1. With labels modelled as points extended 7 Å from the Cα through the Cβ direction, what inter-label distance (nm, one decimal) is found for A:LEU166 paired with B:ASN67?
2. Considering only chain A, what is the antiparallel percent among its DSSP beta bridges, to the nearest 5?
3. Using a Gaussian network model of chain A with C-alpha springs under 10 Å, which one of A:ALA58, A:ALA224, A:ALA153 is most mobile by mean-square fluctuation?
4. In whole percent, how big is the carbon plus sulfur part of the accessible area of segment A:71-198, probe 1.4 Å, protein atoms only?
5. Note down the accessible area of B:TYR208, probe 1.4 Å, to the nearest 10 Å².
6. Express in Å², to the nearest 10, the accessible area of A:TRP141 obtained by rolling a 1.4 Å probe over the protein heavy atoms while all chains stay in place.
7. For chain A, what is the mean residue ellipticity at 222 nm derived from helices alone (per DSSP H run of n ≥ 4: -39500 (n - 2.57); sum divided by total residues; nearest 500 deg cm²/dmol)?
8. Would you mind checking the tilt of helix A:37-52 against the longest principal axis of the Cα atoms of chain A, expressed as 0 to 90 degrees and rounded to 10?
Amino acid sequence: MKSLSVIVLVAAIISQSAFAQAGRKKVDLKFDPNVQPSLKTQMLEDLKFMGSIQSTSATPLHTRVFGAVNGEAYLSWFSKRVFKVGVSDCGSPTAVACVMPIYANKIWMTKNYTQFDHPQIARLSVVYHEARHTERENGNWSHATCPTPFKNAQGQDMRSIWTGALLQGQAACDITPFGSYGSATILLRNVGTKCSNCNEKVRADANLYAMDQLQRVTDKNALAQMKADFGINSRR
Amino acid sequence: MKKIVATTVLLGIAGIGVWVFKTRTPVSLSADPAPLEPLSSATPDIGSAEATPAEAEESKTAETQSNSIQRSLKAPDQRKFLILEEIFRTKNDNDPRFDTDLKELSPDLKRALREKYAATAPEKRNERGTVVFLIARSMCLPSSEQAQQVQDLEFLKSVLQEKPCLSLKDCSKDAPAPTEEEVHVAGITETTANYPQLTALRQSLECYRKAMGQTPPQKWLADQIIELLQSARGSRNQKVADEAQMILRYLGKS
């Protein structure tokens with residue numbers, strides 16, 4: 001009986017480690033039954049693209065957060081954080097995805113994921129931004145309050161261009177390179193500058209959205225660290 | 001006997017492990033583009049499975065217009081146009097044919113792309129921005145002739161002069177009242193809302209660099225791009241005006 005228990009245990013370990021080995025190259029997601037087929041298809045296709053990325057280098061900050069700039073690293077990172085996908089309106093008519101901390105390791109997608117015509121890398125940056133929020137061990141990387149006043153590089157108030165709402169005082173900034181805005185920016189910048197099998201449009205898109213997201217990192221030192229990591233001077 | 005039982009149990013557990021693994025939802029790493037297919041209303045369109053009747057009607061109209069544009073082209077350009085249509089349908093932006101088949105664009109194909117842009121719903125920000133990207137990029141190729149560059153610049157100018165898209169759901173209608181979550185995601189949403197214009201500006205900057213980096217520099221094209229950026233500074237779209245100003249400042253031309 002004792003030897004049988006040992007055999008069962010060994011077999012379980014072998015099958016699980018074989019699965020884990022395979023799991024590093026694949027994403028395992030359990031979709032809620034009410035997730036629209038088109039949304040599921042789009043998400044899997046987008047992650048398939050993510051999984052195909054190749055590069056021979058990464059910036060130091062990227063290495064620290066994600067590892068290499070390649071598909072295996074990206075899917076492994078994602079699969080350690082997100083196990084389940086549900087649908088929700090995320091409390092906003094413009095949201096694409098969100099995380100609700102009481103539901104561990106779950107990401108909630110809205111219909112905007114397929115209905116809004118975002119570039120693919122922009123969609124993925126939102127997904128990876130939200131995946132970062134699943135990290136309970138890091139306080140879900142809650143956002144910092146944007147400073148008051150909150151100005152852009154041109155000295156203008158940062159505000160919603162549609163509603164005019166000021167961003168100052170809102171919980172919509174990061175004071176570390178490693179929060180959700182920071183880490184998504186690092187991912188975008190590295191895809192934009194180092195992905196060797198991304199076409200010119202994808203690289204241009206990644207750089208465009210990276211520069212936009214960088215504006216949400218408001219701590220002077222964090223910002224300087226990221227700009228140095230990206231090899232850009234303070235003019236951009 | 002004990003050994004036989006133990007081996008059987010071991011194999012059984014391993015088999016269960018494999019079965020559990022296979023029933024998950026894997027994502028393969030393969031990213032080969034799907035084979036080219038002609039436009040067809042039967043072709044599945046990611047994202048449209050739950051379309052409302054109005055959306056389905058709009059989609060059908062757009063398809064009819066695209067078919068008409070496609071038929072106005074000769075065979076090699078038709079093929080390129082179909083490639084672009086396929087990329088829009090699959091939403092796979094990283095199709096390698098962007099940098100091969102869709103790099104050199106004939107004047108006729110550019111004419112078709114401009115028509116495509118005009119026929120594309122304003123809410124299709126990525127599709128519109130992609131057309132802008134392709135035209136702006138081809139404008140800068142060494143093989144591009146000045147007469148064609150004039151047309152390309154006019155197109156970019158018209159894009160930059162468009163009124164702002166007020167929301168991704170409906171460009172003509174104001175965005176809903178802000179929520180806490182809306183502020184959280186506003187950056188990405190607003191960049192996408194201005195994606196065609198920001199692409200026009202960024203690609204203009206890239207083109208300027210290339211033009212000035214050539215031996216001898218393409219001075220005429222570089223000057224035209226500066227003029228384009230300067231006119232964009234007066235845009236009624238504040239995001240466009242700010243971005244144009246930032247680029248001009250970066251180039252030391254403000």
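The values are calculated or read from the model by the stated rules, or taken from the named source; none is laboratory data. If you're wondering where the values come from, they're calculated on a predicted model, not measured in any experiment. Every residue, glycine as well, gets a Cβ built from its backbone with ideal geometry; the counts of neighbours run over all protein chains shown. The area values use the complete protein model at the heavy-atom level, side chains included, leaving out ligands, DNA and RNA. Shrake-Rupley method; radii C 1.70, N 1.55, O 1.52, S 1.80 Å.
1. A separation of 5.5 nm, rounded to one decimal place.
2. About 40 percent, rounded to the nearest 5.
3. In this elastic network of chain A, the residue with the biggest mean-square fluctuation among A:ALA58, A:ALA224, A:ALA153 is A:ALA153.
4. Reported share for carbon and sulfur atoms: 50 percent.
5. Accessible area of B:TYR208: about 30 Å².
6. 50
7. When only DSSP H runs of four or more count, the value is -14500 deg cm²/dmol.
8. 90
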